[in-house]
2 protein chains.
Amino acid sequence: MSEHRPLDLEHFLPYRLSVLSNTVSRAIADMYQRRFALSITEWRVMAVLGRYDGLSAREVAARTAMDKVAVSRALARLIEATRVERLVADHDKRQSVLRLSAKGWKVYEQIAPLALEHERRLLAHLDGEEREWLSRILDKLWQAELKELVR
Amino acid sequence: MSEHRPLDLEHFLPYRLSVLSNTVSRAIADMYQRRFALSITEWRVMAVLGRYDGLSAREVAARTAMDKVAVSRALARLIEATRVERLVADHDKRQSVLRLSAKGWKVYEQIAPLALEHERRLLAHLDGEEREWLSRILDKLWQAELKELVR
DNA sequence: CTAAGATAGTTTCACTTGAAACTAATTGCA
DNA sequence: TGCAATTAGTTTCAAGTGAAACTATCTTAG
């Protein structure tokens, strides 16, 4: 007795998550690119360095959910653009110590409010109750699906 | 007086959506790949053809939120694998008329329950109330963000 | 101490992807 | 009619991506 709900892509959760997320990410990425010549991956690296000074590349990868290859490449571009400075860690010469440069901070301080504004615009479609549920639901799914991912 | 909430990537909605969605999609993609040598894009094409017989490539693109290049390539592989058949539309020789082959249907009928099972597993982390809110919230955001996208 | 294994980060290679250019067919309008 | 603009779908090209191999450094077990 296996009567199935028909598989209707529009109502299939993974599909909806994927399309919604890609649409949102795309809009943000375009804005960063146009206004700051910055990719999403570069921005994510800058965002965590703005928040946690002096991380190593591995720590950046853990905090951005990016793999180390992507981080390495994003850092190469950011350092080339003198938005990030890299030192070698005293205690371990394999590790780098990363921080935003003065120039990087200027970019960061312009983008951070724009990013938050974008988030507000997205959340503006929801009322207070819905926002609370969304936050709780994402927490739960995040925990359940990603417990192994972030460290 | 612009005192900002700090930009903490872990609490930033677009970032959370993106990481969660990529993690879920990745897990599903791996399964399709391993068990059926099928990419996510190919599966999406098969899914809409299983539901709506005889679509053109353009209609498939609209229903999967994929661009026409991606659809064209997915179709080339599916036709090569004889999972999809393509005819030329009578009324317009530019258009194709696409349908799953018998072989395609067999694959479809194996995957569809697996996909739904995967969705159930994901939703198992939420209680009934949370599921209802999630569905309503995704509908709202979908409507708001994608009104231009899907026709 | 030192050799074997582990770790941080980079490079290479093969593959995927999207934008733009392209071909073929159709439509609209003078 | 007949030619310019539009549309369906494909191909090309440049850029982005991850897996695996690689280099340099550090840790550990004997």
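Every number in this text was worked out from the coordinates using simple rules, so none of it is lab data. Everything numeric here is computed off the predicted structure, so don't read it as measured data. As a convention, Cβ positions derive from the backbone with ideal geometry for all residues, glycine included, and neighbour counts pool all protein chains shown.
What to note about this one:
- Failed item in (1) more than 16 Å from DNA strand C (Cβ to nearest atom); (2) surrounded by 12 or more Cβ atoms within 10 Å (Cβ to Cβ); (3) closer than 30 Å to A:Pro14 by Cβ, with A:Tyr108 passing the rest: (3)
- Taken over segment B:72-96, the residue count meeting the criterion of being more than 19 Å from B:Gln33 (Cβ to Cβ) and either small (Gly, Ala, Ser) or within 13 Å of DNA strand C (Cβ to nearest atom) (or both) is 10.
- Checked across segment B:125-140, the condition of being polar (S, T, N, Q) and more than 15 Å from A:Asp8 (Cβ to Cβ) holds for no residue.
- Single match in A:Lys103, A:Lys93 (criterion: more than 23 Å from B:Asn22 (Cβ to Cβ) and without any contact (Cβ under 8 Å) to a residue 12 or more places away in the chain): A:Lys93
- If only residues of segment B:23-42 that are in a helix (DSSP H, G or I) and within 12 Å of DNA strand C (Cβ to nearest atom) are counted, the one that is farthest from the other protein chains (Cβ to nearest Cβ) is B:Gln33.
- One residue stands out among those in segment B:118-135 that are within 19 Å of the chain's Cα centre (by Cα) and free of Cβ contacts under 8 Å to residues at least 12 places away in the same chain: the one that is surrounded by the most Cβ atoms within 10 Å (Cβ to Cβ), which is B:Leu134.
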